[in-house]
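What follows is a set of notes on a single structure, which appears directly below.
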Amino acid sequence: MSRDRFQFSRRTLLRAAGSTLLVPPFLRHAFAQEAVSRPNLVLLMQTNGTNQASFWPKGSTWDSPILNELLTDPKVGPKTTLIKGTKLNLKGSPQGNGHDWGWHSLYSGVDNISKGAPAGGGPSVDQILAQKLAFTQPFKTLHCGVNAANYRLINAGRASFPCVSAGLQVPCELDIYALYTKLFGSLMPKPNDGGQAAAALRLKQRQSVLDAVAADLTTLQGRLGAQERVKVDAHLSAVRDFERRLSTTLSADPARAPECASMKPSKAGVPSTGQGNEANADALNHLFMELIANAVACNLVGVLTFQFGRGGEHFHFDWLKIPGMRADFHDDIAHKDNGSDATAASVMVEVNKYYAGLVTELGQRLASFPQADGTTALDNSLVVWGNELATGPHGIDGVPLAFVGGAAGRLKRTGYMVDVGTQVHQRLGCTIQNVMGMPSDGFGWVTDSGPFAGLELA
Amino acid sequence: MKSAIWRSIALSGGLSLLAGCQGSIGGAEPSSAPLPPGAAGSGSVATPPGGGGGATACQALPARRIRRLARREYANVVSDLLGAAAADAVLAALPVEPRVRGFDNQDAFLFVSGPFQEAVAELAATLAAKADVAALAPCSTSDTQPCVASFIRSFGSRAYGRDLTQDELDRATSVAALGESFAVSVRLVIELVLQSPNLLYLTELGSPNAPVAAQATVSLTSDELASQLSFLLAGTRPDVTLREAAKNGQLATAAGLRAQAERMLAQPSGVAALTRFIVGWLDLGPLSDMPKSAEAFPEFTDTVASAMQAELDGFVTEQLKGGDGTLPSFFTTVPATALASPLSAIYGADLQMSGLDPSRRRGVLSLPGLLTYHSADAHSGPVERGLLVRRQLLCQDVPPPPQSALDRIANLPVDDLDAAHTTRQKFAAHVNEPSCKACHQSFDPIGFGLEDMDGLGRYRTTEHGLPVDSHGELTGTDVDGPFEGPAALSAKLAQSKQVAACMVSHFFELALARPAGVDDACVLDAWTSDFVAGGQHIEDLVFAYVTHPAFGARKDDR
């Protein structure tokens, strides 16, 4: 990836120095810059747990009925790290059930709260990173998903998992084509209808409009108490981010700029659908894997979050034509995968193989983008594949977790499974923060968890 | 005295029921759940001076607040400013917000995220570029500066529901000055106004010049009162008449507020607002979105869904416009469905030349549209229907299934495909297993009483060839007792004071865009008393709200 932070590899710098020990000051500075480089981060959220017996490789083998496609892929398997033993570590007994608990807590580290319905109890790690780190990408964060639509009260919180703060849910963007326009549209060559001067004037006008909006917000901010000010703070931050994107030349990976400017979805005319309508779910899942890979390869988003459906999803998976599938996967399969229902178990495995296939596809797509230094977009990314539950019947012990990608060298080693016993899930957020260059000792309500034990971080 | 009665009913019927449920299964969070009406915490109720509409005023005021407009509301404002086509663009560009307890305007679920802000900014630029400047800002002089200034004032004040401050005028003027032509200047003002927080938020802050005094009472400005009224009854900023009333001080009195409310309710937008309330009260969404199993219900075609929707909408509108507009009428009126209805196959023998059989089809609960919406995707859904009555119509908060209950579900599954038992028989585990029974006993028996209507609202006496048992029972309410079928259930609910109090609670949620809390019990009690005493006219909910002192007062939160 030819982003500025990867212009000089450590090896190149050392070779330039002519010695592994004598490094001139300007190169030490370059090392320092490299030290703060960070991977593109993608957080995936699956629902309804997995079949534990078929998920984790056994013994010393790298073989798993569910993960076989992922682990045996020649490019993606060696870049995959499994984290076994993650336990959803709740502080209390929050409202709702395992779906709500994991949905809201896996990436936030805190219990969900009630806002009439279970809702996120604090900021998710993507939003924390966006607030704390200086991302250079045009978009600090982007949240998208498939079939995450409109719900009744009891499930309103399950429409989206990232939160800016307690109860302030980041909306899930569903329209794949609108997202292409949003992400890549700005990279398209502008029509030369008025020349550069006209473009500069228009930019100045838009900046002026946004400045006025920001001033209106600041005035409003000054009139509010602390609780209400949170709303305006988030709004103001959004305006500033948007202005930044407008003001800077939106450069994707320069080496790939023309390619990025012409990025398009491989399939047209697949509309997002509402709750319960899975007609396009499969096509959209694949299109979103493609979008994520394209966005990462073009370095357009700092942290990209994606949800396969909503919390406690009720997909029927008709497109998979799985023998033994029952009327409702959620109720009739996942909830019944309790060790005594062989049909439920076999369907659960097939459904989870489907998700593993999507993650494999994402990895393959990332691996297909070579970088100038010989690495691939997969090497410079960290894809976290998480799940709201450990098992279909709402188990919270053993949440299936996989890291895919080299994390820009932040993972010292990949292609193995961390299996050192039970670890609290707050270690996930802590690990992510440290990998992303935000040193931290804990995450969520556990301030001293540290990152995952057994995971070798650079 | 009446307040005490309602509170007593609610406490004995609602909270004691819940306590049993929670006590058995745990995992609930009662302090954060919306309160049943009348469930006041002691010490939160007082009797301050003043008050309109015969209601007792309350000291515990809501805090100052801003609320982001819902997508629908924002589209309405844009429509007023730029025309209906612009509103369509808004609806296409902005995400649909969660519908919480039936309503789309709930403050806790609305905020301006990065994607939302960007969508609004892009939308504002697009709409500004398309705006018909000649129509919006006609200018016949060569010196266009006064025209721009005039446009900023008029357009801005319609958008914000108030006159612009000098700072706002100055900022807009500076932005307009960057336009290379008059038209571009106007477009830049439009682009600014459409994304300004002054349009995007409904403020409940009082005068900007009021001194800060923590916990002190803050009076909303007359413009804020007008916007509160207008967003409730028209879903948009105030019209000219309401703005004038605000300017002339007519909103300073309960009578003035009521007069404006009466005027607005008489308009189509007023009926639409009440319809929106009824739809939310019944927790209904579009039937076209209902996931129904094609195997179980192949008859649920787009045509049938559309006909169900039309019948449901028509019934609600008829009660509000042509009927007596009371809460009981929603339970007791026989739907006026004609024999030629596309739903004749659904109704079967219930629909004759003379109309629907009133012994089976009476009230909104007997409509196929409602019975379809509140059912499971593959069967009649006694749990869903029971919860509709218990949670939504009685406001008795049943917590979501806790982990322990879901573990039980995994071990005691209900098989939708089992054709050897009726739906009721399949759910027998709910009353046999203590951990299930703790909660399910409060709502399953209600749903069982509607078992004579299948998942599409078709009357039935058998299921899988087995006789259907549709004997149900209401417990823990002020209208306890057995019943059979939706008409009989409706007859009971029409008599329930708890249902009336619950409807008031729902109206509170719509009007204040948040669930009621402990501090709101006084207001709820007062409104409920007036509502019941006045014959439970839906419009009276509006009058009780807008004439209550809490309508125009807030607590200083700084």
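Rule-based calculations on the coordinates, nothing more; no lab input. Predicted model, so just to flag it, every value in this text is computed and none were measured. Reconstructed Cβ throughout: ideal geometry from the backbone, glycine too, with neighbour counts over all protein chains shown.
As a rough guide to protection, the peptides A:324-334, B:214-224 ranked by mean Cβ packing within 10 Å, highest first, stand as A:324-334, B:214-224. In chain B, the longest principal axis of the Cα atoms and the axis of helix B:114-130 are about 60 degrees apart. How much of the pair distance distribution for the range B:286-494 lies past 27 Å, counting alpha-carbon pairs only, in percent? Roughly 29 percent, once rounded to a whole number. Across chain A, the relative contact order, built from alpha-carbon pairs under 8 Å that are at least six residues apart, equals 30 percent. Seen from A:Leu88, the other residues with C-beta closer than 12 Å to its C-beta sum to a net charge of -1, counting Lys and Arg as +1 and Asp and Glu as -1. Measuring r between the beta carbons of B:Asp167 and B:Ala266 and using R0 = 45 Å, the FRET efficiency lands at 0.70.
Extending 7 Å from Cα along the Cβ direction at A:Trp319 and again at B:Thr241 yields two label points whose distance is 5.3 nm.
With a threshold of 28 Å on the Cα-Cα distance, the over-threshold entries among A:Lys182/B:Lys292; A:Lys115/B:Lys130; A:Lys75/A:Lys264; A:Lys336/A:Lys412; A:Lys84/A:Lys336 are A:Lys182/B:Lys292; A:Lys115/B:Lys130; A:Lys336/A:Lys412.
Here the convex hull built on the C-alpha positions of the range B:146-257 has a volume of 120 cubic angstrom per residue.
Under the classification rounded if a/c is under 1.5, otherwise prolate if a/b is larger than b/c and oblate if not, where does the protein assembly as shown fall, given a ≥ b ≥ c as square roots of the Cα gyration tensor eigenvalues? Here the protein assembly as shown falls in the oblate category. Partnerless cysteines in chain A, where a partner means another cysteine C-beta under 4.7 angstrom, comprise A:Cys144, A:Cys163, A:Cys172, A:Cys430.
Neighbouring Cβ atoms from other chains, within 10 Å of the Cβ of residues in A:167-179, number 4 on average. Temperature 37 °C, viscosity 0.692 mPa s: under these conditions the Stokes-Einstein estimate for chain B, based on its Kirkwood radius over C-alpha pairs, is 129 µm² per second.
Averaged over residues, the count of other Cβ atoms within 10 Å places the peptides B:121-128, A:301-308 in the sequence A:301-308, B:121-128, highest first. Counting only other chain Cβ atoms within 10 Å of each residue's Cβ, the peptide A:196-208 averages 3. Report summary: the helix-based calculation at 222 nm, which adds -39500 (n - 2.57) for every DSSP H run with n ≥ 4 and divides by the residues of the protein assembly as shown, gives -13000 deg cm²/dmol. Dividing the mean sequence gap of close Cα pairs (under 8 Å, 6+ apart) by how many residues chain B holds gives a relative contact order of 25 percent. When you restrict to C-alpha pairs under 8 Å that are six or more residues apart and normalise by the size of the range B:274-372, the relative contact order lands at 29 percent. Averaged over the residues of peptide B:118-129, the number of Cβ atoms from other protein chains lying within 10 Å of each residue's Cβ is 3.
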